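The values are calculated or read from the model by the stated rules, or taken from the named source; none is laboratory data. Since the structure is predicted, the reported quantities are computational estimates derived from the model, not experimental observations. Cβ placement follows ideal geometry from the backbone for every residue including glycine, while neighbour counts extend to all protein chains displayed.
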Amino acid sequence: MAALGTDAAIAEGFADPVTASQEHFRHLLDALSRPGRIVELGAGLPAAPAPLSRGSYALLLSLLDYETPLWLAEAGEAAASLRFHCGCPVTECTGDAVFAVAPGGAAPALEEFAQGTPDYPDRSTTLLLEVEALGEGGQELVLRGPGIEESAVLRVGGLDAGLVGQLRANHRSFPQGVDIVLVAGSRIAGLPRTTEVEIR
Amino acid sequence: MSAATNIDGGGTLAGYNFAYLDEQTKRMIRRALLKAVAIPGYQVPFASRDMPLPYGWGTGGIQVTAACIGQEDVLKVIDQGADDTTNAVSIRRFFATTAGVATTERTVEASIIQTRHRIPEKPLTEGQILVYQVPIPEPLRFLEPRERETRKLHALADYGVMHVRLYEDIARLGRIATSYSYPVLVNDRYVMSPSPIPKFDNPKMHMNPALQLFGAGREKRIYAIPPFTKVVSLDFEDHPFEIQKWDEPCAICGATGSYLDEVVTDDAGNRMFCCSDTDHCAERVAAGEGPGAGESR
């Protein structure tokens, strides 16, 4: 892990932050309100600092500020860039994170992240999982729950098989639990805690 | 019909950020909205800002709309179903001025519809967002004034007190007398206030393809119903939920399936009933429907 630091290179942010953050928020709102739908964030995303994908970097640039501690599985240049653009604290404690980013193949256990409390279930982590592919790939997930009329099928590449079992436990702990956004390049798909996940 | 244009004149106001709110405020509201969607019916606290109009005039709805709206959006605002009342016109103009977005009175053209106390008669579609203005977000507030207690009741899903309230109506009056703000159970978990919409509109919330967002500015709460989410109005097996019905059709367009307002027309106490949804009514009149034209819906 590079030092969270001083001499790390700073990646570029949005050219037009007002428009870009509004558009990316709406895409994310769409993805989380309609689990299973693959949403394209569009062309022209800024180049992402290592180890983030363009999609994750754009979502974080859109939503973070001084109120949102960020946890990164691997800090790299990303921590310095996001601290510079958003002013967000970077935390090493998963339980403190409002937003977190981890690779879909090697993420910490979901229960390590903030789950919210019975009184305030909203105080939980939103976890961006970087996967290899969306709409293709090895895992075929069948999703049910709010936002889905009957059921939806989502193909994911590069998601740890053990994580799918954790997603089911996460759903069972509703209304507490983490909310997940799968990110593959500039494509995203939402898996909020309301979604029931099965492997086909 | 031509594409929507800005019916309120154009041009953004110099010296203000896009859609009035500053970017940090928008981010804070956006994060609350994302959590609200992930926990349907749960009221997410947010740091509601002072707006350039008083509480009770839709400050919550305006903040939600301001956090969502983009240059491509087409905005419609209704107040009790009407596009042409003071509150609706002033909020529409507010966004026409501060965001320069296109505005419309037509439900089908709108991508965001901000509403006070109605759901449009025309079924909403997938791309649309309905933003409700909410005065009292807590459905249990008049039964339990302490926030700490109502929060605990929600945490435990302990809603017996609400059923007792509905039962007391039946014991006293023989029926559930609540006709607006009729409580609903969202996704089999949270009891939620649908805002003061008439109970006539409650069934439209169930499995609606549009995203429904709720903003309460004074009470500083945001909540949501994602598309295709189960929404059930509370009732009893022997006293099932019912919506209002009228003996006569709309006096202007002849509709029998829409929510009607009673309008007193003179000092002699004469009255008429007409659609509360002005766009729905005008569309039917334009299509040649009327009180004598034979009714379909």
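Structure data summary
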{"item": "Of the criteria (1) modelled with pLDDT under 95; (2) touching a Pro at 6+ places or on another chain (Cβ under 6 Å), which one B:Ala4 fails", "result": "(2)"}
{"item": "Those residues of segment B:42-95 which are in a helix (DSSP H, G or I) and more than 25 Å from A:Gly147 (Cα to Cα), in sequence order", "result": "B:Thr59, B:Thr86, B:Asn87, B:Ala88, B:Val89, B:Ser90, B:Ile91, B:Arg92, B:Arg93, B:Phe94, B:Phe95"}
{"item": "Segment B:168-182, residues that are over 14 Å from the mean Cα position of the chain (by Cα) and not acidic (Asp, Glu)", "result": "B:Ile170, B:Ala171, B:Arg172, B:Leu173, B:Gly174, B:Arg175, B:Ile176, B:Ala177, B:Thr178, B:Ser179"}
{"item": "Entirely in segment B:190-290, the strands (runs of 3 or more DSSP E) that have 3 or more residues that are surrounded by 15 or more Cβ atoms within 10 Å (Cβ to Cβ) and in contact with a Cys (Cβ under 7 Å, 6 or more places away or on another chain)", "result": "B:271-275"}
{"item": "Some residue of segment B:178-188 being exposed (fewer than 14 other Cβ atoms within 10 Å of the Cβ) and more than 13 Å from chain A (Cβ to nearest Cβ)", "result": "yes"}
{"item": "Selection count, segment B:13-41, where residues are assigned to a loop (DSSP other than H, G, I, E, B) and within 7 Å of chain A (Cβ to nearest Cβ)", "result": "3"}
{"item": "Residue pairs meeting the criteria (Cβ under 6 Å; at least 6 apart or on separate chains; first over 22 Å from A:His27 (Cβ atoms), in segment A:57-74; second in a loop (DSSP other than H, G, I, E, B))", "result": "A:Tyr66/A:Gly87; A:Pro69/A:Pro89; A:Pro69/A:Ala97; A:Pro69/A:Val98; A:Trp71/A:Ala97; A:Glu74/A:Pro51"}
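Table: residues versus (1) surrounded by fewer than 23 Cβ atoms within 10 Å (Cβ to Cβ); (2) β-branched (Val, Ile, Thr).
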position	(1), (2)
A:Ser62	no, no
A:Tyr66	yes, no
A:Trp71	no, no
A:Ala78	no, no
A:Arg83	yes, no
A:Val90	yes, yes
A:Ala97	no, no
A:Gln115	yes, no
